[in-house]
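The values are calculated or read from the model by the stated rules, or taken from the named source; none is laboratory data. It should be emphasised that the depicted structure is a prediction, and the values quoted were computed from it without experimental measurement. Every residue, glycine among them, receives a Cβ derived from its backbone with ideal geometry; neighbour counts consider all protein chains shown.
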Amino acid sequence: MKQYIKVIPIITLSLLSSCADNELLEFSVEKPASIAEYEYLNTYHVLKDYVDRTANPDFKLGIGVSVGDYNAKGGIYQLINSNFNEMTAGWEMKHGACVSDEGAMDFSTVEKFIATAKSAGTTIYGHTLCWHANQNAKWLNSTIAPSEAGGDPYWEDNVFINSDFEGDDESSYTTGTSLASLSYTANGGGADGTGRAIAVTNSVVRTNDYESQFFFTFPSMHLVEGETYEFSMKYRVDQACSFATQAHYGPQEYKHWDMFGSLSATTSWKTYKKEFTATAEVADAYTFAFNLGATATTYYFDDISLRHYNKGSSGTSWVEQLSGGDFEEDNFDNSFQVNGVGVKGYATGSNGSGRALTVKTPSAQVNDYESQFIFKFSPTMKLGDVYKVSMDVKADKAMTFSTQTQTTPGSYLHWTAFGDISASTEWKTFTYTLTVTDSFVGGGAIAFNLGKNAGTVYIDNLSFQKETPTGGEKTDEEKKEIITNEMERWIKGMMEVTKDYVKVWDVVNEPMDDGNPSQLKTGVGKSDIGADEFYWQDYMGKDYARKAVELARKYGGDGQKLFINDYNLEYSLDKCNGLINMIKYWESDGVTKIDGIGTQMHVSVSLDAAEQARREARVDKMFEALAATGKLIKISELDMGIDDESGNSVKTKDATFEQLKKQSDYYTYIIKSYFKYIPAPQRYGITQWASTDSPDNSSWRPAAPIGLWNSEYYRKPAYGGFADGLSK
């Protein structure tokens with residue numbers, strides 16, 4: 001029996017460059033005696049030359065790709081750009097690839113992929129926004145995990161420090177570098193006729209109201225979309241006026257043009273109180289900005305408050321993350337470190353007995369981080385964690401120093417942790433509550449940057465506690481809300497990165513059950529759920545796809561085309577019809593719009609003639625059914641193995657030329673059937689999933705001859721069959 005022998009050598013880079021201009025490729029061909037049967041492959045052009053652009057002007061000829069291989073800009077990069085005009089990432093644009101075990105999202109690989117594809121003029125088909133596989137199930141399951149006891153809803157404490165302006169701590173308010181000036185009233189000038197208020201003066205009318213601003217800042221509690229808060233304050237002015245409000249990240253780091261609307265002020269004290277739910281526009285902000293430049297007057301504020309409503313689905317306890325924070329034991333290295341020019345020492349503790357830590361900076365440094373005190377902790381921060389720090393602090397002279405988040409001591413992660421800490425020559429207790437947002441995820445150390453001040457800082461009774469749930473099993477509604485929010489966070493994050501270039505997506509992948517093809521897949525009762533499996537529909541219900549479509553359109557910008565993609569539609573017409581009917585249900589609300597259907601078509605040619613005839617007939621019927629939907633139709637993941645007469649898979653090493661020719665013929669049949677039954681306006685395109693045969697150790701169809709090229713990028717008969725299918 002003649003075995004398949006390599007004939008067509010890998011295309012050289014210069015030839016690939018000429019392919020991009022659609023010129024006929026020239027090949028040098030080895031000529032062993034048994035090789036003549038493969039020589040016909042020399043006559044083929046690059047694949048995209050065979051698409052009839054007159055009849056199919058928008059047709060996309062695609063290929064599945066490893067993003068790392070493509071980004072490397074080697075042979076794969078040139079082969080793809082020469083033969084195809086669209087790519088689908090096999091792994092790198094899925095939830096599991098972009099979301100860490102702590103919930104942080106990293107789209108840097110996707111961003112590089114887009115930049116590389118854009119420079120080559122090759123489009124990207126997004127795959128996939130919502131699927132049950134290739135998810136970071138560890139993170140998703142952790143968000144709905146039960147805990148031990150329950151608790152009642154309650155309003156948390158006011159996050160503003162020195163909110164009545166009776167003290168000297170100004171860490172919660174500032175005018176930044178704007179043109180407003182700060183002062184305090186005399187005692188008795190406060191809102192109730194006693195104590196102090198803060199006075200903010202804008203001396204002249206400004207061209208833009210934001211040129212003079214006053215900021216209330218609360219970096220310990222970033223606003224979270226969907227959470228409820230209450231803001232209140234007392235205020236008056238010397239001249240009646242109104243002023244606009246904005247949401248900022250930090251002071252003068254603009255986020256959104258509107259926070260509380262325009263507030264009217266009179267010469268008499270009045271109280272403003274507003275309970276609000278944070279929207280996407282203000283989410284992650286931690287500063288309120290008041291634009292005071294429109295009126296030349298002095299504004300007075302007192303008794304400011306911002307509280308978060310804790311829904312109380314679970315109670316909490318605080319678990320200490322450090323050991324030795326009283327510095328009485330000689331175990332400093334377990335939790336602490338001094339870096340740079342700082343010198344560690346000890347002095348009398350804050351209560352007049354025991355020890356306190358001292359860190360001396362001999363002289364002021366160019367950079368504040370050149371002298372650091374660091375404490376480290378484990379496990380590292382994950383999204384949504386809440387920490388509370390408390391310590392007694394003083395210095396040998398008044399000073400302020402910044403804080404910084406690190407992954408490990410000395411390894412920078414984020415520019416802040418607890419904001420700036422002010423120390424005087426008297427002991428005082430510093431407290432701060434930190435809610436972990438994306439910027440802090442992975443943090444395992446906090447640094448105090450002491451380098452700007454020559455002098456000694458004293459620290460005692462340092463505590464760093466993590467809030468630990470002690471609530472009970474979450475209700476189904478609570479789980480639905482949590483998972484819906486996670487879907488939104490994921491889709492929003494991906495779309496923000498891709499929306500300008502990736503305009504077509506598998507919004508939902510593989511929704512239909514194999515055993516009960518009119519119903520959705522479920523993980524309920526499944527004993528062998530994979531580590532990367534998470535069934536969104538089990539928590540969000542049958543309408544989960546409606547939500548995914550809504551979010552994709554909300555964050556994806558104009559012109560998005562959204563597909564539902566599934567497999568075995570050519571094998572089971574019941575599943576094909578089940579998918580079609582499910583899409584009809586999703587669209588029956590009159591709002592949801594699904595643009596297209598993807599049929600994966602991971603198929604095999606049968607060497608049994610009767611069985612092969614049945615397979616071909618099912619392909620035709622599938623395309624007829626899909627065409628009747630009127631939607632765009634895509635062959636989304638086409639690849640093909642070979643089954644012998646007994647139904648056993650033929651491995652690449654055993655495939656003969658005659659068998660490979662039958663495979664080639666089936667490629668031609670499938671593609672011709674697509675063009676026969678799918679009307680031209682509905683033809684989105686065809687994506688070949690595997691460019692090359694699958695390696696023996698692959699997780700996908702191992703050792704199977706599923707490529708158009710072999711593992712060394714020699715053309716196979718399948719290449720010719722694919723091209724023949726595309727030809728008129």
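Couple of notes before you dig in:
- Each residue in the range 523-542 was checked for being in a loop (DSSP other than H, G, I, E, B), hydroxyl-bearing (Ser, Thr, Tyr) and at pLDDT 95 or above, and 1 pass.
- Subset tally (residues that are within 24 Å of Gly352 (Cβ to Cβ), surrounded by 24 or more Cβ atoms within 10 Å (Cβ to Cβ) and over 31 Å from the mean Cα position of the chain (by Cα)) for the range 439-456: 0
- When Tyr412, Tyr432 are checked against the criterion of being crowded, with 18+ Cβ neighbours inside 10 Å, in the same structural domain as Ser353 (by the TED database), hydroxyl-bearing (Ser, Thr, Tyr) and in contact with a strand residue (DSSP E or B) (Cβ under 7 Å, 6 or more places away or on another chain), Tyr432 stands alone in meeting it.
- Looking at the range 286-363, the strands (runs of 3 or more DSSP E) lying wholly inside it that each contain 3 or more residues that are under 25 Å from Phe418 (Cα atoms) and β-branched (Val, Ile, Thr) sit at 355-361.
- Flag: Ser264 does not match the condition of being surrounded by fewer than 20 Cβ atoms within 10 Å (Cβ to Cβ), in contact (Cβ under 8 Å) with a residue 40 or more places away in the chain, outside any loop (DSSP other than H, G, I, E, B) and of a type in the set (Ser, Thr, Tyr).
- Any chance Thr400 is in a strand (DSSP E or B), modelled with pLDDT of 95 or more and within 22 Å of the chain's Cα centre (by Cα): no
- Residue match in the range 379-387 (condition: among the aliphatic types (A, V, I, L, M), closer than 15 Å to Tyr458 by Cβ, in contact with a strand residue (DSSP E or B) (Cβ under 7 Å, 6 or more places away or on another chain) and surrounded by fewer than 21 Cβ atoms within 10 Å (Cβ to Cβ)): no
- So Gly515, is it free of Cβ contacts under 8 Å to residues at least 24 places away in the same chain, part of a loop (DSSP other than H, G, I, E, B) and surrounded by fewer than 17 Cβ atoms within 10 Å (Cβ to Cβ): yes
- Taken together, Asp665, Asp643, Asp608 contain a single residue that is in contact with a strand residue (DSSP E or B) (Cβ under 7 Å, 6 or more places away or on another chain) and touching a residue at least 24 places away in the same chain (Cβ under 8 Å), which is Asp643.
- Residue that is farthest from Glu39 (Cα to Cα), among those in the range 676-728 that are assigned to a loop (DSSP other than H, G, I, E, B) and among the β-branched types (Val, Ile, Thr): Ile678
- Every residue from the range 110-138 that is outside any strand (DSSP E or B), more than 14 Å from the chain's Cα centre (by Cα) and either over 20 Å from Glu510 (Cα atoms) or not assigned by the TED database to the domain that holds Tyr501 (or both): Lys112, Phe113, Ile114, Ala115, Thr116, Ala117, Lys118, Ser119, Ala120, Gly121, Thr122, Lys138
- Residue check, Leu47 touching a residue at least 12 places away in the same chain (Cβ under 8 Å) and not assigned by the TED database to the domain that holds Lys542: yes
- Screening the candidates Ala552, Ala545 for the property of being modelled with pLDDT of 95 or more, surrounded by 20 or more Cβ atoms within 10 Å (Cβ to Cβ), under 17 Å from the mean Cα position of the chain (by Cα) and in the same structural domain as Gly126 (by the TED database) yields one hit, Ala552.
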